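None of the figures in this text is laboratory data; all of them are computed from the coordinates on show. These figures come from a predicted structure and were not determined experimentally. Positions of Cβ are generated from backbone atoms using ideal geometry, with glycine treated the same way; all protein chains shown enter the neighbour counts.
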Amino acid sequence: MSTAVDRSKRPFLIASIMLATFMIAIEATIVATAMPRIVGELGGFTYYSWVFSAFLLAQTTATVIYGKMADVFGRKPVLIGGTAVFLVGSVLCGFAWSMGSLILFRLLQGLGAGAIAPVTMTVIGDLYKLEERGRAQGMMASVWATSAVIGPLAGGVIVDTLSWAWIFWINLPFGVLTIAGFILFLKERIEPREVKIDYAGAGLFTVAVVSLLVILTETDAGAPLLGGLALLFLVSGWLFLRQERRAPEPIISIALWGRRLIATSNAATLLAGMALIGLTTILPVYVQGVLGRSPITAGFTLTMLVVGWPMAVMLSSRFYRAFGIRRTLRAGSLLFPVGAAVLLFLTPQSHPALAGAGSFLMGFGMGLISLTTIAVVQDSVDWSMRGSATASIIFARSLGNTIGATALGAVLNLGIAHFGSGALAAGVHDVLNRPDGLADLAADPAVRAVFDQALHWSFWGVAGVAVLTFVAIWLIPIAPRPAGARPQEAEIEAAAEPGPAAVGH
């Protein structure tokens, strides 16, 4: 089994992949901009967060399942099918008549989106040698960066000039072009074989992951509900592991995920996802609430993250040739905690450029970590397992984002309660609950001091997780490169279990 594309047609396939990536990358920011108008027309503000949670739950859960399907049935049908499901969900979202129906259709959207990120990365792994992959992945990273800028602007223009439904329907031309590109330019050779689909494993995995993610995202729910979900997670998780050990074609290969290279790469990616979501959620709040700067300035500090990430990815092939994969990965892991440490030096008198510097360093480090871990994992397995291996990395990052947002949010609330001592803590929450709360907070020295100290607890949390990421990266078994050897020939070593050699691209 293999994926082969004529070199003259590769740009068209990469363009199709970039269009597909753009659709899911812009989804979060464009919908967030339009949500106040949507809630105003549909009502149901209490379900506001579930418009986002439903999409992310479905996307995260489906990622691993689609990765396995891509290994069994090929990349092409999974990509086309996932994109088609995403487009159907997008059309239905535009026709939603209530918040309940919108949440249901967002679930469908998320189920389709779950195929795009892991399988497009798998296709890139199929087509390019390791030292060539940085350029292609750099273009993917630039798509995410561009969408972060275009999304809010496009959402605002659409809401002001058209119906909010068009924030979903705008996906249609992109999706149709994407499907056409996959049909015309993605060629595969699939050896026919009898396949036994692990429906039981897929169902149990879905129940286990959804129950875990609901626990993490709905921490304010009552104890009985959380306890019931925890029990459901434990039981379904145990049954899933038991099923996967017996299934002839498991959705998740325990032996594959248990290899030292893949297990340590997934652990590092999960931790990096936790730290990065902490940066993106906490830093803008600090810049506005403590430094007293505008939302535009706060956005600039995160823009430095978006600049650093694709820059590192695009330079990675040069780093591989000059220093080798092992040193490149470890340098990225070092930049990650260094960038997080910069945040610890922020004070109410600091210039926002200091926050931007920390953001840039973490983004540059994350760019090297994300690309290199995906690359070494992909090259440690053959074609028939590359989709599952890639999906494991994407799943680990998504799970890390969810855990990190919950954990660091809890740290912030504990910090407010600790430094605010009762009435002052209540005052901080009262200010934050007002529309212009962050601006008012910066003008009140007592409240500002409490918020500053509490946010530094969260920065310490980000720094601690970044250090753990650094440690996990050093545990990934990549051998030093012998003199004169090419990176993909000498440096990838799956140490826990001998895995099949990487196939030619």
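Worth pointing out:
- Annotation: extensible slack from Ser294 through Trp460 equals 57.3 nm (criterion: 0.36 nm per residue apart, minus Cα-Cα distance).
- Cα centroid of the range 355-401 to Cα centroid of the range 43-120, whole Å: 22
- 3J(HN,Hα) couplings calculated from phi for the range 313-321 with the Karplus curve 6.51 cos²θ - 1.76 cosθ + 1.60 (θ = phi - 60°) are, in sequence order, 5, 6, 8, 4, 4, 5, 4, 4, 5 Hz; Gly and Pro show x.
- Per-peptide average of other Cβ atoms within 10 Å, ordering 447-458, 326-337 highest first: 326-337, 447-458
- Computed from backbone phi, the HN-Hα couplings of the range 164-180 come to 4, 4, 6, 5, 9, 6, 5, 5, 4, x, 5, x, 5, 5, 4, 4, 4 Hz, rounded to whole numbers (Karplus: 6.51 cos²θ - 1.76 cosθ + 1.60, θ = phi - 60°; Gly and Pro given as x).
- Point-charge dipole on Cβ atoms (K/R +1, D/E -1) for the range 272-421, about Cα centre, debye to 20: 300
- Nonlocal amide H pairs with Lys187, under 5 Å, H built at 1.01 Å: Ala4
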